[in-house]
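Working notes, beginning with the structure itself.
The values are calculated or read from the model by the stated rules, or taken from the named source; none is laboratory data. Owing to the predicted nature of the structure, the values given are computational and were not obtained by experimental measurement. Note that each Cβ is placed from the backbone with ideal geometry, even for glycine, and that neighbours are counted across all protein chains shown. In case anyone asks, the SASA skips ligands and DNA or RNA and just uses the protein heavy atoms, side chains included. Shrake-Rupley method; radii C 1.70, N 1.55, O 1.52, S 1.80 Å.
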Amino acid sequence: MRASNEKNSKHKNYRGEQHKQKLLIAFFVCIVCAFMLGSIAYILVVDDNNKAIASGIRKNAFSTMKEIRSYHVVLKEESYSEKDNISKPEVLGNSSALSTLSEVWFKGPNRYRINTKSSGMEELEIAQSEVTITQNGRTILIYSQESEVIIYNSPPFDDLYGNLYCPYDIAGELNALCNEDEISIVGEEKHSCGEAYKVEKKIEGDKSVSSNSVDREILWVAKDSSLCLKKEKYIRGKLISSLDILSYELNIDIPEDFFSIEVGNDKHIEERDGRYRELNIEKANETCGFNPIAPGYLPEGYCLSSTGWRDPRPAGIPLDCPPEYQPLWFKPMYITYDNGFSEINICEAKKNDFYAVGDKRKIDKRQIERGLLDVDMSGENEVWEIRLRGGNNAYYNADTITLSFIYSDVKVRIKAKLPLEELIKIAESFKPL
C-alpha cells in the first residue's frame, strides 16, 4: 500500500513538472511571438512612415518647382579618381580629386549665367581654368581665358540651348525627385543650408564587375523645399563624385543687364549660327513640308511664347534635299510655351521612311521608331518605353528629359522640366491644328 502511494506521488510530481515545463515553453513562445509581432509592426510602421516621407518629398519638389522664378546657387563639385582616369576599376575612389567651384544665376525662362573654376589637374601640368557661360534667350556666349564662342539663333534641342553644362539646375533636380519612385529614407541630418532628409537611390543597371555605371546615389534633401543640398555618387561601393551646395537664394531680383552678351576685343572670337528662324505656324506646311500638330493640354500657367524652324541652308543643305540625304530631323518646326520660369519645347518634323530600311517583317516596330526618332542611338542613356493612350509608343530619355513619339506622319519630341506623368498627358493630347 505504501509503495503504491509513493508511486502515485511520484507520478503526480512528474505530471506537475511536465505541466510546469509546458507552461514555461508556452510563456517563452508567447514572448517570442509578441517580440516578432512587435518587430513586424515596427517595421511596417517605419516602412509606412518612410513611404509617407518619400511621397511628401515628391509632392514638395513639384510644389517648389512651380514657385521658383529665379535663383543664385554657389556649389562645389569633386570627382575622385587617379589622374582623372575613371576607366580603371582599381582606381575608383582614390583620394585625389578634380575640384570645381561654381556659381549659377538663373532667371526664367531662358537666362543663365554660369561661372566655373576648376583645379586639381596641376600634377598633369594643366593649370586652373575659369569659364563663364551666359545664355540670354537664343544667344549663348562661352567665355574662357583663351577664347570666346558666341552662338546666335540657337534653337531648342540644340546641343547647348537647354543643355548647357549647368552644374546645378534646380528645376532639373526637383524634376528628378518628382519622377523617382524608388527612394529609401536613410535618416535625418543637418546640412549647412538647413535640415535635410538623407535619401538613398539605387540605380538598376549593368551588374558586371567591369561596369563603371553609377549604381547608387545618396542625396541630402531639404525638408522645407525638397531642394537637393548634397549628392554623392557611387560605383560598386566607392565614392566617385560629390556635389555640395554652399549657399543658395530663391526668387531674387536679378537685373536684365546681368545676362547681357558682351564680346571682348582681346580674344579670338568664334561665331556660329544656330539657324533658328522665327516662323508663323500657319506657314509651316509651305516651309517645312508638313502640317504641325499641337497639344490640347498644358499645365496651368503655360502660354505660347514662340514658333520657329531650323533653316538647313546655312549648313549647305538645300530645302529640296532628296530623302536619302536628309538629316534625321530635317526642317524641324519648334513650338515653345513658357510660364515665366521654365519652357515646354516641342520639336516636330516630317517622318522620313527612308531611314526605316530593311525587311520590316524582320525588324521590330519599336526598333524602327527608335531609329526614326533618334532616341539615344549611342546607347549611353536609359530610355523608357511608354504606351500612350490610343496605342502609340513613346520613348522617355530621363537624362535629357525628353519624350518622343510618332503621330501619323509627324515625329514629335517634347522637352520640359516636368514630371513624366505631365509629359505623358501633354503627349496624349496632341491633335492637328
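May I ask you to give the solvent-accessible area per residue for the stretch 243-352, in square angstrom, as obtained with a 1.4 angstrom probe?
53 Å²
Step through the residues of the stretch 298-315 one at a time and calculate ³J(HN,Hα) from phi using the Karplus curve (6.51 cos²θ - 1.76 cosθ + 1.60, θ = phi - 60°), rounding each to whole Hz and writing x for Gly and Pro.
In residue order, the calculated couplings are 9, x, 4, x, 8, 9, 4, 10, 6, 9, x, 9, 10, 7, x, 5, x, 8 Hz.
Please report the net charge: other residues with Cβ closer than 10 Å to the Cβ of Asn153, K and R +1, D and E -1.
Neighbour charge sum, excluding Asn153 itself: +1.
As a quick test, which of the pairs Lys202/Lys417; Lys233/Lys417; Lys202/Lys431; Lys230/Lys425; Lys231/Lys415 have an alpha carbon distance above 27 angstrom in this structure?
Lys202/Lys431; Lys230/Lys425
Defining a contact as two alpha carbons under 8 Å apart and six or more residues distant in sequence, what relative contact order in percent does the stretch 255-353 show?
26 percent
State which entries of Lys51/Lys223; Lys76/Lys198; Lys66/Lys117; Lys107/Lys223 exceed 26 angstrom in Cα-Cα distance in the structure shown.
Too far apart for the 26 Å limit: Lys66/Lys117.
So what's the net charge close to Lys331: Lys and Arg +1, Asp and Glu -1, counting the other residues with Cβ under 13 Å from its Cβ?
It works out to a net charge of +4.
Tally Lys/Arg at +1 and Asp/Glu at -1 over every other residue whose Cβ is under 12 Å from the Cβ of Lys417; what's the total? The partial results should precede the final answer.
Values: positive: Lys66, Lys415; negative: Asp169, Glu173, Asp338, Glu343, Glu422.
Within the 12 Å Cβ shell, the charges total -3.
Report the FRET efficiency, 1/(1 + (r/R0)^6), for Leu250 and Ser147, where r is their Cβ-Cβ distance and R0 is 35 Å, rounded to 0.05.
0.55
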